Amino acid sequence: MGNVPTSVKHCLSYEQLVQDYPWLRRWLLEEKEILPTGVKIQLIDMLSGTGLPVIEATSFVSSKWVPQMADHSDVLRGIQRVPHVQYPVLTPNMQGFQDAVAAGATEVAVFGSASETFSKKNINCSIDESMLRFQEVINTAKEHQIPVRGYVSCALGCPHEGNIEPCKVAQVAKRLYDMGCYEISLGDTIGVGTPGSMHKMLQSVMKEVPCSALAVHCHDTYGQALANILVALQMGVCVVDSAVAGLGGCPYAQGSSGNVSTEDVLYMLHGMGIETGVNLPKVIEAGDFICKALRRKTNSKVTQASSRAL
Amino acid sequence: MAKTLAARGEGNSSDGGENPADRHALWNRPACDRGHQLCVFKMADHSDVLRGIQRVPHVQYPVLTPNMQGFQDAVAAGATEVAVFGSASETFSKKNINCSIDESMLRFQEVINTAKEHQIPVRGYVSCALGCPHEGNIEPCKVAQVAKRLYDMGCYEISLGDTIGVGTPGSMHKMLQSVMKEVPCSALAVHCHDTYGQALANILVALQMGVCVVDSAVAGLGGCPYAQGSSGNVSTEDVLYMLHGMGIETGVNLPKVIEAGDFICKALRRKTNSKVTQASSRAL
């Protein structure tokens with residue numbers, strides 16, 4: 001079955017960046033509930049008790065574009081931090097980084113793209129320009145001894161460009177790693193990847209970045225996430241991103257699922273004998289809580305099956 | 001890994017023929033734990049269906065025949081391939097088809113022998129291959145024993161079913177390792193349920209181990225009676241998307257399968273379980 005590590009870290013990814021499309025901004029404002037800060041804090045506190053080693057708490061993005069994240073500082077200050085758990089936050093630029101540090105951030109993340117078009121539409125600048133921005137954040141973070149994680153979006157496909165060459169993903173991953181990111185999370189942003197494209201992409205990236213510094217961030221839009229994660233594990237990747245209850249949709253296929261659910265990933269890993277240190281029933285409980293708060297159904301099949309077993 | 005692969009699509013679930021649209025009526029009938037009898041009324045038109053379809057050359061249309069009566073009716077209606085349905089779990093066998101595994105094998109032997117005389121190939125299913133709703137874990141060697149019996153009796157292919165969808169790549173690997181000691185890989189198929197979202201990952205492991213035949217259901221129709229409301233069969237569309245993405249030639253036209261899925265979901269007035277179909281229909 002390949003080389004599967006005996007323990008795998010987990011990281012929860014909680015947010016979507018906004019794109020500069022008027023219709024999309026309306027969709028986000030109209031369809032997405034703005035959760036009370038207290039609910040977000042309670043969710044993170046529940047997740048802190050599950051054994052997950054990393055919980056991405058919030059994003060220091062512009063509240064003008066993402067009003068749902070306007071309370072980022074309050075969330076970060078309000079959570080009860082558990083020892084040995086990391087609470088990274090997204091910081092797309094120096095302003096966001098400074099706000100994050102002021103709010104007590106101890107780890108940050110920057111968000112690049114393997115697709116030139118996606119970079120321009122998503123963060124309004126080219127890949128090269130984004131790297132300059134990130135270098136500034138990373139250099140300042142080093143001075144504060146704050147580790148930085150790098151994301152590469154569109155690693156298995158772009159909503160605008162279609163196929164993305166694996167070597168392009170490898171280039172961007174290498175740049176982020178060489179700049180000082182301790183870990184690079186490779187994201188299948190629109191969930192179009194399959195075990196075939198995951199394998200090719202990782203083969204390419206692993207020539208440039210050590211396997212121990214890689215993570216995968218798979219979306220389940222086409223139902224391929226667990227199979228793609230399995231391939232990544234077989235190739236030696238030890239870090240998997242997921243979202244409790246599979247929350248977080250896909251703006252490019254409205255109504256479709258996005259993030260893979262932490263519960264389903266854990267079920268697979270535990271079934272393979274991989275020690276994650278995470279308590280699945282407690283994650284299910286956290287998922288139930290946030291779904292009730294959002295008044296929506298979970299995307300986790302494990303949770304659905306567990307709650308309905310006769 | 002196989003370069004060409006037969007993806008078997010199911011028009012009716014072979015797990016006893018449950019039609020999700022009728023589940024409400026099903027579970028409100030007077031108590032009866034003979035699974036096949038509960039479903040008889042929904043499959044009562046089996047002969048009409050078999051006679052009514054337009055058969056395409058090089059396509060097989062197997063039908064499930066749990067006993068001699070079913071076999072005779074199937075032959076009378078023009079069946080050219082049949083299937084028998086055993087279990088790796090003693091308890092499931094008794095509750096599902098009202099007899100022990102040994103007794104079921106005698107029944108199947110009768111069907112297989114008669115089928116041979118008619119030159120009708122027989123496929124064998126082994127349910128509960130990765131877990132049983134009553135017994136829990138099922139030992140891989142037990143699955144291997146039942147698979148071997150069916151194969152030795154004359155089934156040309158054995159489909160190993162994760163009946164309640166509890167399997168993971170870990171348990172799939174162990175089970176197949178065991179079965180492959182007794183039955184040639186070329187005679188094996190997997191029938192994965194997606195109740196816990198594990199189906200595609202489990203199918204991937206099976207493919208990596210050399211299995212070349214995958215069962216699925218269009219639109220992922222066919223629920224799981226042991227976890228009401230949960231998904232059951234893995235959807236053909238999602239399986240095909242994965243296989244094609246891996247460069248495996250299936251010879252199957254995915255858009256046409258999506259179209260068939262749309263048709264049946266409209267007729268059933270329900271949403272598809274296929275994520276590929278959902279994403280494709282909503283792509284902006």
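Derivation of every value follows stated rules applied to the coordinates shown; laboratory data play no part. As the structure is a computational prediction, the values presented were derived from the model and not from experiment. Note that each Cβ is placed from the backbone with ideal geometry, even for glycine, and that neighbours are counted across all protein chains shown.
Taking the alpha-carbon set of segment B:137-177, what are its Rg and Dmax in Å?
Here Rg and the maximum Cα pair distance are 10.7, 30 Å.
Please sort B:117-126, A:137-146 by packing, taking for each peptide the average over its residues of neighbouring beta carbons within 10 angstrom, highest first.
Details: B:117-126: 19.3, A:137-146: 15.6.
Ranked from most to least packed, the peptides come out as B:117-126, A:137-146.
Can you give me the long-range amide H partners of B:TYR125? Hydrogens built in the peptide plane at 1.01 Å from N, cutoff under 5 Å, separation of 5 or more residues or another chain.
B:VAL84, B:PHE85, B:GLY86, B:SER159
How crowded by other chains is B:163-169, given as the mean number of beta carbons from other chains within 10 Å of each beta carbon?
Numbers: counts 0, 2, 2, 3, 1, 9, 12.
Whole-number average of other-chain Cβ neighbours for B:163-169 is 4.
Explain nothing, just compute: Karplus ³J(HN,Hα) = 6.51 cos²θ - 1.76 cosθ + 1.60, θ = phi - 60°, for every residue of segment B:62-77 in order, whole Hz, x for Gly and Pro.
3J(HN,Hα) across segment B:62-77, in whole Hz: x, 10, 7, 9, x, 7, 5, 4, x, 4, 4, 4, 5, 5, 4, 8.
Three principal axis extents, largest first, for the C-alpha atoms of segment A:51-134, in Å?
39, 26, 19
Under the rule of at least 5 residues apart or a separate chain, name every residue whose amide H is placed under 5 Å from the amide H of A:ASN259.
A:ASP220
On average, how much area does the Cα convex hull of segment A:102-196 cover when viewed from any direction, in nm²?
On the way: hull surface 25.5 nm².
Directional mean of the projected Cα hull area for segment A:102-196 stands at 6.4 nm².
Net charge around B:MET180, counting only other residues with Cβ within less than 13 Å of its Cβ (Lys, Arg = +1; Asp, Glu = -1)?
Values: positive: B:LYS148, B:LYS174, B:LYS181; negative: B:GLU182.
Around B:MET180, the surrounding residues sum to +2.
Given the -39500 (n - 2.57) contribution per DSSP H run of 4+ residues, what per-residue ellipticity at 222 nm results for chain A, rounded to the nearest 500 deg cm²/dmol? Please report the intermediate quantities before stating the final value.
Values: 12 runs with 131 residues, N = 310.
Estimated from H runs of four or more residues: -13000 deg cm²/dmol.
In terms of Cα to Cα distance under 17 Å, which lysines are near enough to B:LYS275, apart from those fewer than 8 places away along the same chain?
Qualifying lysines at Cα under 17 Å: A:LYS297, A:LYS301, B:LYS256, B:LYS266.
May I ask you to evaluate 6.51 cos²θ - 1.76 cosθ + 1.60, the Karplus curve with θ = phi - 60°, for each residue of segment A:133-139 and list the ³J(HN,Hα) values in order in whole Hz, giving x for glycine and proline?
Coupling constants for segment A:133-139: 4, 5, 4, 4, 4, 5, 4 Hz.
May I ask for the net charge around B:HIS244, where only other residues with Cβ less than 12 Å from the Cβ of B:HIS244 are counted and Lys, Arg are +1 while Asp, Glu are -1? The partial results should precede the final answer.
Numbers: positive: none; negative: B:GLU237, B:ASP238, B:GLU249.
That sum, taken over residues with Cβ under 12 Å, equals -3.
If the reach is capped at under 20 angstrom between alpha carbons, list the lysines near B:LYS142, excluding any in the same chain fewer than eight residues apart.
Here the lysines satisfying the reach criterion relative to B:LYS142 are B:LYS94, B:LYS95, B:LYS174, B:LYS181.
Sequence gap at least 6, Cα distance under 8 Å: using those rules, report the relative contact order of chain A to the nearest whole percent.
Working: 621 pairs, mean separation 57.7, N = 310.
It rounds to 19 percent for chain A.
Can you give me the distance in nm between label points at B:ASP73 and A:GLN95, each placed 7 Å from the Cα along the Cα-to-Cβ direction?
It works out to 7.2 nm between the two label points.
Can you give the net charge of the other residues whose Cβ lies under 13 Å from the Cβ of A:PRO195, counting K and R as +1 and D and E as -1? List each step's numbers first, then the result.
Working: positive: A:LYS200; negative: A:ASP188, B:ASP238.
That works out to -1.
To two decimal places, what compactness ratio does segment B:153-214 give when its Cα radius of gyration is scaled by 2.2 N^0.38 Å?
Details: Rg = 10.9 Å, N = 62, 2.2 N^0.38 = 10.6 Å.
Ratio of Cα Rg to 2.2 N^0.38 Å: 1.03.
In angstroms, what radius of gyration and Dmax does segment B:140-284 have, counting Cα atoms only?
Cα only, segment B:140-284: 15.8, 53 Å (Rg, Dmax).
Rank by packing, highest mean first: peptides B:252-260, B:78-86, A:221-229, A:147-155, with packing defined as the count of other Cβ atoms within 10 Å averaged across residues. Spell out each step's value before the answer.
Details: B:252-260: 15.3, B:78-86: 21.0, A:221-229: 29.8, A:147-155: 25.9.
Order by mean packing, descending: A:221-229, A:147-155, B:78-86, B:252-260.
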